[in-house]
Amino acid sequence: MIVDTIDQAFKKIHRKNFAPESLHDRVNIDAPLPIGFGQTISQPTTVRLMLEWLDAQPGQKVLDLGSGSGWTTALLSQIIGPK
């Protein structure tokens, strides 16, 4: 089930690794955080819903445009796998 795969991705790919060090104490807050240049790293519930709606499956090809911090791309790569 895709929700289980998303849960596993969230456990493995930590938001902290994609946020500025000055915000590491806030990465567990369910809110967008500024990453510079007027951009944000999205709040976790928004990203989770997006991934559920996308319903990406292992082995699929996904083009992620405008991912900002790279966190969503990293989560997607965990979900779909190396190929």
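Hey, what's the chain come to in accessible area per residue, 1.4 Å probe, Å²? Please list the in-between numbers first.
Numbers: 5570 Å² over 83 residues.
Averaged over the residues of the chain, the accessible area is 67 Å².
So how tilted is helix 44-54 from the main axis of the chain? Cα-based, degrees 0 to 90, rounded to 10.
Taking Cα atoms only, the helix is inclined about 20 degrees.
Keeping the other protein chains in place, figure out the carbon and sulfur percent of the accessible area of the chain, with a 1.4 Å probe.
Roughly 55 percent of what the probe reaches on the chain is carbon or sulfur.
On a straight-distance basis, which aspartates and glutamates could pair with Lys83 in a cross-link, Cα separation under 17 angstrom, same-chain partners fewer than 8 positions away excluded?
Counting by Cα, and skipping residues close in sequence, Lys83 has these aspartates and glutamates nearby: Asp55, Asp64.
Sort the following peptides by mean Cβ neighbour count (other Cβ atoms within 10 Å, averaged over residues), highest first: 71-82, 22-33, 4-15.
71-82, 4-15, 22-33
Can you tell me, using C-alpha contacts under 8 Å and at least 6 residues apart, the relative contact order of the chain as a whole percent?
For the chain, the relative contact order is 35 percent.
Report, in degrees rounded to the nearest 10, the 0 to 90 angle that the Cα long axis of helix 2-12 makes with the longest principal axis of the chain.
40 degrees
To the nearest 10 degrees, how steeply does helix 71-80 sit against the main Cα axis of the chain, on a 0 to 90 scale?
20 degrees
What's the magnitude of the charge dipole for the chain around its Cα centre, counting Lys and Arg as +1 and Asp and Glu as -1 at the beta-carbon? Answer in Debye, nearest 20.
Computed about the Cα centre, the dipole is about 200 debye.
The values are calculated or read from the model by the stated rules, or taken from the named source; none is laboratory data. Source: prediction; values computed, not measured. Every residue, glycine as well, gets a Cβ built from its backbone with ideal geometry; the counts of neighbours run over all protein chains shown. Quick note on the areas: whole protein, heavy atoms, side chains included, nothing else; ligands and nucleic acids left out. Shrake-Rupley method; radii C 1.70, N 1.55, O 1.52, S 1.80 Å.
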